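So the structure is just underneath, and the comments pick up after that.
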Amino acid sequence: MKRFIPLLLLFFISFYTFAQLKVASWNIENLGKSKSANEILFIVNTVKDFDIIAIQEVVAGPGGAQAVAQLVDDLNRKGKQWDYVVSDPTSSSAYKTERYAFIWQASKVRKLGNAWLEKKFNKEIDREPFYCTFRNGNKTFTLVNFHAITKQRQPETEIKFFKLLPEQYPNLNLIFIGDFNCPQSHSVFNPLKKMGYEPVFKGQKTSLKKKCIAGNCLASEFDNIFYNKVKIKVDQKGVVPFYISFTTLLEARKISDHIPIWFQFSLL
């Protein structure tokens, strides 16, 4: 019996060390005081089964950070312990400033140090990315939460700076996640791909049309996740078509004009 207990303990330590993580990304349009309590609860029920959620488009002004806090409070009422961090407003003065957020299950990962907004390229990128490093077992990774300028304003003029980030943070296992307003097939992603970064999704549309046409409700391939294939193994991936819970896309778009994307991965 005495020999069995250490073996059992070793099993649990090994399991935790190599645990798979399920991470979601969601551009929740205008997440702030405009969202009702029922809409916040709908968001909670949509994301409650993930380990980490990266959120874009948190309102920078009054109500944004409070909406995230309410979301986390409602998640905690589901029986698991959650934690979160909200960024300062992005520094752009030329375009729409906003905040980012990360929410995570405290039993699955631990945040290391302070999360931060990109400092070096904050002038070149309107809504500079928000970084947060997590530890799972004895390994770490850093999520880079990003919301690009709109397609009409040419997001590739911002994304081109991403090729410089792995060199800027050589000791971090970067995972780029969010709304790029640009498909992964665009040539601007080629430098990252040559460095070993792969998109989780290819050809997956993630933004909502204003009206479904012949059952087709999704418009553009904008949201994605880019990971280093040498350091990460993708086990599963998917999207959450939350709009099917509503009678019309007009109603669904009160929650957001984007659907959540997610992937489950192992750290190599």
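Cysteines of the chain lacking any other cysteine beta carbon under 4.7 Å?
Cys132, Cys182
Give me the base-10 log of I(q)/I(0) for the stretch 166-268 at each q in 0.19 Å⁻¹, Debye formula, one uniform scatterer per Cα, rounded to two decimals.
-0.94
Step through the residues of the stretch 118-134 one at a time and calculate ³J(HN,Hα) from phi using the Karplus curve (6.51 cos²θ - 1.76 cosθ + 1.60, θ = phi - 60°), rounding each to whole Hz and writing x for Gly and Pro.
Going residue by residue, I get 4, 9, 5, 10, 5, 7, 7, 10, 4, 10, 4, x, 10, 9, 8, 9, 10 Hz, with x marking Gly and Pro.
For the stretch 21-156, what does the relative contact order come out to in percent, with C-alpha contacts under 8 Å and a separation of six or more? Working shown, then result.
Numbers: 263 pairs, mean separation 27.2, N = 136.
Relative contact order, the stretch 21-156: 20 percent.
At a Cα cut-off below 24 Å, give the lysines reachable from Lys202, other chains included and same-chain residues fewer than 8 away excluded.
Lys22, Lys151, Lys160, Lys163, Lys193, Lys194, Lys210, Lys211, Lys229, Lys231, Lys233, Lys237
How much of the accessible area of the stretch 121-266, probe 1.4 Å, is carbon plus sulfur, in whole percent? Working shown, then result.
Working: 3150 of 6320 Å².
With neighbouring chains kept in place, the figure for the stretch 121-266 is 50 percent.
Return one whole number: the accessible area per residue of the stretch 142-256 in Å², for a 1.4 Å probe. It would help to have the intermediate numbers written out before the result.
Working: 5520 Å² over 115 residues.
Solvent-accessible surface per residue comes out at 48 Å².
Helix-derived [θ] at 222 nm for the chain: sum -39500 (n - 2.57) over DSSP H runs of at least 4, divide by residue count, nearest 500? Provide the component values of the computation, followed by the final result.
Working: 7 runs with 55 residues, N = 268.
Counting only the DSSP helices, I get -5500 deg cm²/dmol.
I need the peptides 138-145, 185-192 ranked by packing, meaning the mean over residues of other C-beta atoms within 10 angstrom, with the highest value on top.
Numbers: 138-145: 19.4, 185-192: 15.4.
Descending packing order for the listed peptides: 138-145, 185-192.
With 5 Å bins from zero, work out the P(r) of the chain over every alpha carbon pair and list the percent per bin.
1, 6, 13, 17, 19, 17, 13, 7, 3, 2, 1, 1, 0, 0
What does the charge dipole of the chain about its Cα centre add up to, to the nearest 20 debye, if the Cβ of each Lys and Arg holds +1 and the Cβ of each Asp and Glu holds -1?
Values: 37 positive and 24 negative charges, 138 e Å.
Charge dipole, the chain, about its Cα centre: 660 debye, nearest 20.
Please find, in a Gaussian network model of the chain (springs between Cα atoms separated by less than 10 Å), the residue of Asp83, Asp257, Asp49 whose mean-square fluctuation is greatest.
Ranking Asp83, Asp257, Asp49 by mean-square fluctuation puts Asp49 first.
Enumerate the calculated ³J(HN,Hα) couplings along the stretch 142-157 in order (Karplus 6.51 cos²θ - 1.76 cosθ + 1.60, θ = phi - 60°), each rounded to whole Hz, writing x wherever the residue is Gly or Pro.
3J(HN,Hα) across the stretch 142-157, in whole Hz: 10, 7, 10, 7, 9, 10, 6, 5, 5, 4, 5, 9, 6, x, 4, 5.
Checking the cross-link filter: which aspartates and glutamates have an alpha carbon closer than 17 Å to that of Lys35, excluding same-chain neighbours under 8 positions apart?
The qualifying aspartates and glutamates are Glu57, Asp73, Asp74, Glu98, Glu251, Asp257.
In what order, largest first, do Leu174, Leu218 sit by accessible area if the probe radius is 1.4 Å?
Of Leu174, Leu218, the descending order of accessible area is Leu218, Leu174.
Considering just Cα atoms, how many Å³ per residue does the convex hull of the stretch 55-212 enclose? Show your work: numbers first, answer last.
Numbers: hull volume 23.5 nm³, N = 158.
Dividing the Cα hull volume of the stretch 55-212 by its residue count gives 148 Å³.
Given springs between every Cα pair under 10 Å in a Gaussian network model of the chain, which of Val72, Val239, Val230 has the largest fluctuation?
Val230
The values are calculated or read from the model by the stated rules, or taken from the named source; none is laboratory data. What you see is a predicted model; the values in this text were computed from it and never measured. Glycine also receives a Cβ, built like all others from the backbone with ideal geometry; neighbour counts cover every protein chain displayed. Note: accessible area is taken over every heavy atom of the protein model, side chains too, but ligands, DNA and RNA are not part of it. Shrake-Rupley method; radii C 1.70, N 1.55, O 1.52, S 1.80 Å.
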